[in-house]
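Data block below; observations after.
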Amino acid sequence: MSKIRIVIADDQMLTREGLRTILDLEDDMEVVGVARNGLEACELTEALQPDLVLMDIQMPMMDGIAALKRIKRSQPQTYILILTTFVNEDYIVDGMANGASGYMLKDMDADKMIASIRDTVTDQFILPAAVAAKLALHANKLMAVQDSWQNAELRKLPTMKLTERENEIAQLIIQGLNNREIAEFLQIAEGTARNYISNLYGKLEVNDRAQAIIRLHTLV
């Protein structure tokens, strides 16, 4: 039986070597390389063509999400599990959107981690309960905004000469959405959302989100 060939990418030496030790004890697994940052992870993956990469998120030179994107572009067949201590909805959504095969928390029991790796290479998506709960909260927040959007006419800002899109974004800012959520809700690129928000700040004569919310509340 062929072994599952694995690259581990983590900027903490103890984490890298600890995982290598655990996984190399398994008869059906082989750690073929370890990387200290996202750039090394990409280079090792391109050179060694492993079956799976365990990818930390916060690393120097290139973070895990950027490395994930590069690897999935060049080697879409490679499975990537996000390895993290951060149950952050932005990381979860970013990883899912860019082809991650799931998530593993660094404090996960070793047996569960090994089982997750085996499940991943059989095309199962790995989503620990803590990550699933965070993702559900994110989905519920967007659904609540959708309900508000559909059940009430958007209030126009009478004293501002805003475009229709800027007015939409203003309403979403008032409802507490961040840039990523605004982009997701309006189905536009996050960079495009940032440009609209920057233009809106200019018209409102404010410098940040908190000031914008205060200013918008005085106008509606």
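Based on this model, can you work out whether A9 counts as in contact (Cβ under 8 Å) with a residue 24 or more places away in the chain and in contact with a Gly (Cβ under 9 Å, 6 or more places away or on another chain)?
Judged against the criteria, A9 is a match.
In the range 141-161, is there at least one residue being at pLDDT 80 or above, more than 30 Å from R20 (Cβ to Cβ) and acidic (D, E)?
No, the conditions are met nowhere in the range 141-161.
Being touching an Asp or Glu at 6+ places or on another chain (Cβ under 6 Å) and either under 17 Å from K106 (Cα atoms) or at pLDDT below 95 (or both) is the filter here; which residues of the range 38-56 pass it?
Within the range 38-56, D56 is the sole residue that qualifies.
Restricting attention to the range 79-91, does a residue exist that is modelled with pLDDT under 90, charged (D, E, K, R) and assigned by TED's automatic domain parsing to the domain that holds A47?
yes
If M113 satisfies every condition in (1) modelled with pLDDT under 85; (2) of a type outside the set (S, T, N, Q); (3) in contact with a strand residue (DSSP E or B) (Cβ under 9 Å, 6 or more places away or on another chain) but one, which is the exception?
(1)
Which residues, counting only those in the range 1-30, are touching a Pro at 6+ places or on another chain (Cβ under 7 Å) and among the β-branched types (V, I, T)?
I6, V7
In the range 21-40, is there at least one residue being touching a residue at least 12 places away in the same chain (Cβ under 8 Å), over 20 Å from T85 (Cβ atoms) and β-branched (V, I, T)?
Yes, some residue in the range 21-40 is touching a residue at least 12 places away in the same chain (Cβ under 8 Å), over 20 Å from T85 (Cβ atoms) and β-branched (V, I, T).
Which condition does I8 not pass, out of (1) part of a helix (DSSP H, G or I); (2) of a type in the set (A, V, I, L, M, F, W, C); (3) under 15 Å from M62 (Cα atoms), if it passes all the others?
(1)
The values are calculated or read from the model by the stated rules, or taken from the named source; none is laboratory data. Values in this document were obtained by computation on a predicted structure and should not be read as measured data. Because the Cβ atoms are built from the backbone with ideal geometry, glycine has one as well, and the counts that use them run over all protein chains shown.
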